[in-house]
Amino acid sequence: MKVYKELEEIARMNAKIADAVNRLEKDGDWDGLDIQCAMLIDNCVERNGHLYRGDRQLDNYGLVDDEYYCEQYSGYCEDDFHGSLYFATDTKGLFIEVPFWN
């Protein structure tokens, strides 16, 4: 039988991700956030209470509770919401984008 080393590596990383998600969810309310789809966004600049990447403003609500920047939109019936939250990292200009929908 053929052995796929890359597939085993992916499975091990997925197990680590699931463990980290479980630890994070114990510390707060992350309902509706798709944490497993979090992405690093570089070259970001905080300016005038908003977050920018190049000329594009990433948020439309500014800094929320001194914790994250929020880009939120409502659905067609305006009873559902979707968007992204942007969390700072210790690296200047590097943020974590976490999509959400409720």
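The values are calculated or read from the model by the stated rules, or taken from the named source; none is laboratory data. It should be emphasised that the depicted structure is a prediction, and the values quoted were computed from it without experimental measurement. All accessible areas refer to the heavy atoms of the entire protein, side chains included, with ligands and DNA or RNA removed. Shrake-Rupley method; radii C 1.70, N 1.55, O 1.52, S 1.80 Å.
Things to note:
- Note on residue 74 and residue 43: the extension gain reaches 8.4 nm, defined as 0.36 nm multiplied by sequence separation minus the Cα-Cα distance.
- Stokes-Einstein D in µm²/s, Kirkwood radius over Cα pairs - the chain at 37 °C with 0.692 mPa s viscosity: 212
- Residue order for 85, 63, 94, 40 - accessible surface, 1.4 angstrom probe, largest first: 40, 63, 94, 85
- Theoretical gain in end-to-end length, residue 31 to residue 2 [0.36 nm per residue, Cα-Cα removed]: 6.4 nm
- Largest accessible area first, the listed residues 56, 47 line up as 56, 47 when surface is computed with a 1.4 Å probe on the assembled protein chains.
- The lysines within cross-link reach of residue 16, meaning a Cα-to-Cα straight distance under 18 Å and a gap of 8 or more places when in the same chain, are 5, 26.
- Fully extending the segment from residue 17 to residue 57 would add 11.5 nm, taking 0.36 nm per residue of separation and subtracting the current Cα-Cα distance.
- Nearest-ten-degree value, helix 5-26 long axis tilted from longest Cα axis of the chain: 50
- Relative contact order (%) - the range 1-67, alpha-carbon pairs under 8 angstrom, separation at least six: 15
- Between the range 1-34 and the range 62-102, the alpha-carbon center distance in angstrom: 22
- Ranked from largest to smallest solvent-accessible area, with a 1.4 Å probe on the protein heavy atoms, 92, 16 come out as 92, 16.
- Accessible solvent surface per residue of the range 1-62, calculated while the other protein chains remain in place, 1.4 angstrom probe, Å²: 84
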